[in-house]
Amino acid sequence: MKLAVHTEGESNRSEARQRWQAQQNSPYMEEVLRRDADVFLHQSLSSPCLTAIVKAQGIWIEDANGRRFMDFHGNSAHHIGYAHPKLIAAVKQQMDDLSFAPRRFTCEPAIELAEKLAEIAPGNLGKTLFTTGGSDAIEVALKVARAATGRFKTLSFWDAFHGAGFGASSVGGEATFRSGIAVPLLSGAEHVPPFACYRCHYKHKGPESCGIACADIVSFVLEREGDIAAVVAEPMRATPYPPPPGFWQKVREACDRHGSLLIFDEIPTGLGKTGKFFASDHDGVTPDMIVLGKSLGGGMLPIAAAIVRRDLDVCGDFAIGHYTHEKNPVTTRAALTTIQIIEEEGLVQRAAELGQYVINRLRELQLRSPHVGDVRGRGLLFGVELVRDRQSREPDNALAEAVYYRCLEGGVSFKISQGNVLTLSPPLIITQQELEQALTIVEKAILAGI
């Protein structure tokens, strides 16, 4: 079987990883990692593990060797940092009051959370179903789209990630999750190239001159197919890539013309990460459904949500979720408290302000290093694309990996996207001083070269 080409993450089987672990890991750590490898199923991008974590507090994680890292990855779950005292207190109290509710019953925390999501969601998005993960919530949205439109086809983007389930992998566009043992996937899952202004798939020089060709191809496919149930997409790609101006307006108009729904996957970008409560708020476009996850559980408990227009509540005769923890009082209390913390501490505005500082500083770095090809992002989700030189824009994966391990040694953990994009996603609670400290480490690692 041909191995998939991975477009996400640093290689966890590379020589650089092995060298770093040989230099860094104690005999105790080696034993912990050996035990992990012995009992867990192995899969790409996850095993073997990097290290073993023993503490997570605020923006910091600490491993069994006593090394501390500012976590600029966090699986996009740590918007309010780790072990937020208000969240811990709320979860403890809820466990004392009511620890579980069987699926056929309801409970106050679940209703309160659904009401809160209806309050903050854009437009008429006011009906919700909870799941334990974003992948399942995507599948709920797909079922709603089928029921509401009477169609089954979808249109989504190559290189996108929407989850690891068969339905989510079908609309996703990463080979890691849709090749080899994953096939056959759902039929009718059409894909087009994503917006990517630095590396335009249509060979345009930029959004000033392209006429947003990437949006036109969406319109073209919707017209030619004629029976697409929904367009499924991240409003801002988590690689990260903001859309070109006017992109989502054109797509929204095309969906409306052709009777297709628009589903926004805000699993990594929602709840303030981009400096707006929802990433789609930047573009003035209201989708028909929003899917949340990851940070909704406050970096503590697993919960996700599919939020849909009220008039799309059309599945009453079908089982579209049917999850054991569909209205779990503890996970819903965690989510409700997480949203309260984000609002009370002004974390959305904080992300916007700090994000502008970061972009300005990284663009100064771009002037100093010929290997920084592009700097992009919104709020506290930003990326640094490393290239061999800015003229050719050839990706420099080797430099990205070298920078990654230097930053780990310096105390900053993050993710590499597309092989050469340093994807930096700190918690929204980070201080300016901590942010400056982390950026200094990243800058020195880049300037050091290979």
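The values are calculated or read from the model by the stated rules, or taken from the named source; none is laboratory data. None of these values were measured; they are calculated from a predicted model. Here Cβ is always computed from backbone atoms with ideal geometry, including for glycine, and neighbour counts include all displayed protein chains. With ligands, DNA and RNA removed, areas are computed over all heavy atoms of the protein, side chains included. Shrake-Rupley method; radii C 1.70, N 1.55, O 1.52, S 1.80 Å.
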* Just a yes or no: is a residue in segment 228-244 open to solvent by less than 20 Å² (accessible area, probe 1.4 Å) and assigned to a helix (DSSP H, G or I)? -> no
* Failed condition for Leu125, given (1) open to solvent by 10 Å² or more (accessible area, probe 1.4 Å); (2) more than 27 Å from Asp374 (Cβ to Cβ); (3) modelled with pLDDT of 95 or more, with all others met? -> (1)
* Asked: Mind checking which residues of segment 276-299 are in a loop (DSSP other than H, G, I, E, B), under 18 Å from Glu343 (Cβ atoms) and open to solvent by 10 Å² or more (accessible area, probe 1.4 Å)?
  -> Lys276, Phe277, Gly299
* Return the total of residues in segment 312-331 being of a type in the set (S, T, N, Q) and more than 16 Å from Arg104 (Cα to Cα). => 1
* **Condition met for Leu155 (surrounded by 20 or more Cβ atoms within 10 Å (Cβ to Cβ), assigned to a strand (DSSP E or B) and either in the same structural domain as His258 (by the TED database) or not aliphatic (A, V, I, L, M) (or both))** => yes
* Asked: Considering only strands (runs of 3 or more DSSP E) fully contained in segment 1-109, which possess at least 3 residues that are modelled with pLDDT of 95 or more and open to solvent by less than 50 Å² (accessible area, probe 1.4 Å)?
  -> 68-71
* Go through the residues of segment 361-369 one by one and say whether even a single one is in a helix (DSSP H, G or I), buried (at least 20 other Cβ atoms within 10 Å of the Cβ) and touching a residue at least 12 places away in the same chain (Cβ under 8 Å). => yes
* Structure fact -> Residue set Pro194, Pro184; condition in a loop (DSSP other than H, G, I, E, B) and buried (at least 16 other Cβ atoms within 10 Å of the Cβ); output residue Pro194
